[in-house]
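Q: Below: one structure in structure tokens.
The values are calculated or read from the model by the stated rules, or taken from the named source; none is laboratory data. Remember, it's a predicted structure, so these values are computed and weren't measured experimentally. Heads up, the Cβs are rebuilt from the backbone with ideal geometry, glycines too, and the neighbour counts pull from every protein chain shown. Protein only, heavy atoms only, side chains kept; ligands, DNA and RNA dropped before computing areas. Shrake-Rupley method; radii C 1.70, N 1.55, O 1.52, S 1.80 Å.
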Amino acid sequence: DSGVTQTPKHLITATGQRVTLRCSPRSGDLSVYWYQQSLDQGLQFLIQYYNGEERAKGNILERFSAQQFPDLHSELNLSSLELGDSALYFCASGDRRGYTFGSGTRLTVV
Amino acid sequence: GENVEQHPSTLSVQEGDSAVIKCTYSDSASNYFPWYKQELGKRPQLIIDIRSNVGEKKDQRIAVTLNKTAKHFSLHITETQPEDSAVYFCAASKVGGGADGLTFGKGTHLIIQP
């Protein structure tokens, strides 16, 4: 167990739908990072939150959004889903000592 | 922003031989370079990292070297074993003050032949 918890582990949904992925960071970590991993794109950085505030944005689509709550858990919202959004979504938490990844949520859009 | 190139994309070596994976980065301000190992269907796991004030770091059979002038860093695995088979990702970031999201290379699929 890495200490970073992601739910759900698997999600199957239809095109056009909206889903929410949840991440609880490792105890003591203030930063949460979201990554998308698809077969042909490797690990793509989506967004970072630090202590409740957005700190950096990567290749995140406008249909996607995220937030970090006062208890430091984070949610990634994906809307108007397309087939191409099917991927593994990882969150990670960490600091200058390094990142730890959660086990990921496998999203399948059908 | 930062761009990380990694090669080769696939590397096949005989068990017991050494494997070397190379990465280059574009942002000279990057100062933290971790390597992750990802087994099929599992999360990436940090195996070793190096910071810009160090040229080389070793941990048993794994070593990482960094050349800041050339902006490249490499992972060396010696005496490879079957359990080393996985996808390896290099990454780079600027740690300290502001955004420090990791930019990853596209990964190297390491295959250890028995």
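Q: Counting only the heavy atoms of the protein chains, how much of B:VAL4 is accessible to a 1.4 Å probe, in Å² to the nearest 10?
A: 10
Q: Average projected area of the Cα convex hull of the range B:1-51, in nm²?
A: Spelled out: convex hull of the Cα atoms, projected over all directions, averaged, 4.8 nm².
Q: Here's another thing I want to ask about it. Under unit Cβ charges (Lys, Arg +1; Asp, Glu -1), what dipole magnitude, rounded to 20 debye, does the range B:23-87 have relative to its Cα centre?
A: 200
Q: Calculate the radius of gyration of the Cα atoms of the range A:1-80 to one decimal place, then report Dmax, the largest Cα-Cα distance, as a whole number, both in Å.
A: Taking only Cα atoms of the range A:1-80, I get Rg and Dmax of 12.7, 37 Å.
Q: Of all accessible surface on chain B at a 1.4 Å probe, what whole percent is carbon and sulfur?
A: For chain B, the apolar C and S fraction of the accessible surface comes to 47 percent.
Q: Could you tell me how many cubic angstrom of Cα convex hull volume the range B:27-87 has per residue?
A: Spelled out: Cα convex hull of the range B:27-87, divided by residues, is 91 Å³.
Q: Let me ask you something else. Bin width 5 Å, origin at 0, all Cα-Cα pairs of the protein assembly as shown: what percent of pairs per bin?
A: 1, 7, 15, 18, 19, 16, 12, 7, 3, 1, 0
Q: For the range A:35-110, what is the per residue volume of the convex hull drawn over the alpha-carbon atoms, in cubic angstrom?
A: Dividing the Cα hull volume of the range A:35-110 by its residues yields 101 Å³.
Q: Please express the Cα-Cα pair-distance distribution P(r) of chain B as a list of whole percents, one per 5 Å bin, running from 0 to the bin with the greatest distance.
A: Distribution as computed: 2, 13, 24, 25, 19, 10, 5, 1, 0, 0 percent.
Q: Nearest 20 debye, what's the magnitude of the dipole of the range B:1-48 about its Cα centre given +1 on Lys and Arg Cβ and -1 on Asp and Glu Cβ?
A: That gives the range B:1-48 a dipole magnitude of about 180 debye.
Q: So what's the range A:1-47 giving for Rg/Rh, alpha carbon basis, Kirkwood Rh from the mean inverse pair distance?
A: 1.00
Q: Taking a probe of 1.4 Å and counting only protein heavy atoms, give the total accessible area buried between chains B and A in Å², rounded to the nearest 100.
A: Roughly 1600 Å².
Q: A further question on this structure: Restricting the count to DSSP beta bridges whose residues both fall in chain A, what percent are antiparallel, rounded to a multiple of 5?
A: 90
Q: Excluding residues on the same chain fewer than 8 positions from B:LYS106, give the aspartates and glutamates whose Cα lies under 19 Å from its Cα.
A: By straight Cα distance, B:LYS106 reaches A:ASP40, A:ASP85, B:GLU2, B:GLU5, B:ASP27, B:GLU39, B:ASP49, B:ASP84.
Q: What is the Cα centroid distance between the range A:65-110 and the range B:17-74, reported in whole angstrom?
A: Spelled out, the Cα-based centre of one part sits 24 Å from the other.
Q: Once you charge only the Cβ atoms, +1 for Lys and Arg and -1 for Asp and Glu, what is the size of the charge dipole of the protein assembly as shown about its Cα centre, to the nearest 20 debye?
A: So the dipole magnitude of the protein assembly as shown works out to roughly 220 debye.
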